[in-house]
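> One structure coming up, written as structure tokens, with questions to follow.
The values are calculated or read from the model by the stated rules, or taken from the named source; none is laboratory data. Please read these numbers as outputs of a predicted model, since none were measured by experiment. Virtual Cβ from ideal backbone geometry, glycine too; neighbours counted across all protein chains shown.
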Amino acid sequence: MKNIFFYQTDFGIIGIAGNENAVTNLYFQGENTPEDAIVSETEILEEAGGQLRAYLTGQLKDFTLPLAPSGTEFMQRVWQSLRTIPYGETRSYQEIAQSVGNKKASRAVGLANNRNPIPIFIPCHRVIGANGKLIGYGGGLELKARLLELEKKVMSAANYPGS
């Protein structure tokens, strides 16, 4: 059984879904959500919603949630690699491909990135093109840019407390 709950944020309404043990999905406003999910704020979803809001206001850099994304073994390796990208930093698709042991798998990494069922918590927004350009994001490139800008701003303020 999957539960889902919706949270109002400055980035729009975000739905978080999960089972009794972990977060399984995150949905941006306008995305289709599972029709059979029960709208109910469970303990895990409440914690995820709190951490999401803290992140989106620049008060949290690292999520401490149990995550259970559904995907192939390769996708799981990619998503695990994404979780190692430090807050405020980016990596290219090629760098992620190298980190999962196949430097020629940039396109497959892009596909896995696109299929990430738990964006933000698994920070696929931190993956950019080799040329530094923003490429694809489930929530749209504007949202990707806003998330990266938020992290950049928080990191800048941490490095220069008077700014």
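> Would you point out the residue of the stretch 125-143, among those that are in contact with a strand residue (DSSP E or B) (Cβ under 9 Å, 6 or more places away or on another chain) and part of a helix (DSSP H, G or I), that is surrounded by the most Cβ atoms within 10 Å (Cβ to Cβ)?
In this case the residue turns out to be H125.
> Would you please list the contacts, defined by Cβ atoms under 9 Å and residues six or more apart or on different chains, that run from a residue in the stretch 9-24 that is exposed (fewer than 12 other Cβ atoms within 10 Å of the Cβ) to a residue that is part of a strand (DSSP E or B) and at pLDDT 95 or above?
E20/N3
> Name the pairs: first residue in the stretch 36-65 and of a type in the set (K, R), second residue not in a helix (DSSP H, G or I), Cβ to Cβ under 8 Å, at least 6 apart or on different chains?
Qualifying pairs under 8 Å: R53/Y7; R53/T9; K61/Y87; K61/G88.
> Report the residue count in the stretch 67-95 for those that are hydroxyl-bearing (S, T, Y), in a helix (DSSP H, G or I) and more than 15 Å from the chain's Cα centre (by Cα). Please lay out each step first, then the result.
First, pick out the residues of the stretch 67-95 that are hydroxyl-bearing (S, T, Y): 70, 72, 81, 84, 87, 90, 92-93.
Among the residues that remain, those that are also in a helix (DSSP H, G or I) are: 81, 93.
Among the residues that remain, those that are also more than 15 Å from the chain's Cα centre (by Cα) are: 93.
Final tally of qualifying residues: 1.
> What about T72, is it loosely packed, with under 15 Cβ neighbours inside 10 Å and closer than 20 Å to Y137 by Cβ?
Working: loosely packed, with under 15 Cβ neighbours inside 10 Å: yes; closer than 20 Å to Y137 by Cβ: no.
No: the conditions fail for T72.
Yes/no per residue for (1) touching a helix residue (DSSP H, G or I) at 6+ places or on another chain (Cβ under 7 Å); (2) over 26 Å from T9 (Cα atoms):
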| site | (1), (2) |
| --- | --- |
| G58 | yes, no |
| F63 | yes, no |
| A68 | no, no |
| S92 | no, yes |
| F121 | no, no |
| L134 | yes, no |
| A145 | no, no |
| S156 | no, no |
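> Let me ask something else about it. Considering every residue within the stretch 109-126, establish whether at least one is at pLDDT below 90, aliphatic (A, V, I, L, M) and out of contact with any Phe, Trp or Tyr (no Cβ under 8 Å at 6 or more places or on another chain).
No; the residues of the stretch 109-126 include none that is at pLDDT below 90, aliphatic (A, V, I, L, M) and out of contact with any Phe, Trp or Tyr (no Cβ under 8 Å at 6 or more places or on another chain).
> Also: Filter the stretch 3-61 down to the residues that are among the charged types (D, E, K, R) and part of a helix (DSSP H, G or I) and list them by number. Before you say what the answer is, go through the steps one by one.
Residues of the stretch 3-61 among the charged types (D, E, K, R): 10, 20, 31, 35-36, 41, 43, 46-47, 53, 61.
Across the stretch 3-61, the qualifying residues are E43, E46, E47, R53.
> Further question: Working carefully through the options I44, I38, I14, find the one that is of a type in the set (A, V, I, L, M) and under 27 Å from E89 (Cβ atoms). Write out each step before concluding.
Numbers: I44 fails: under 27 Å from E89 (Cβ atoms); I38 fails: under 27 Å from E89 (Cβ atoms).
Result of the check over I44, I38, I14: I14.
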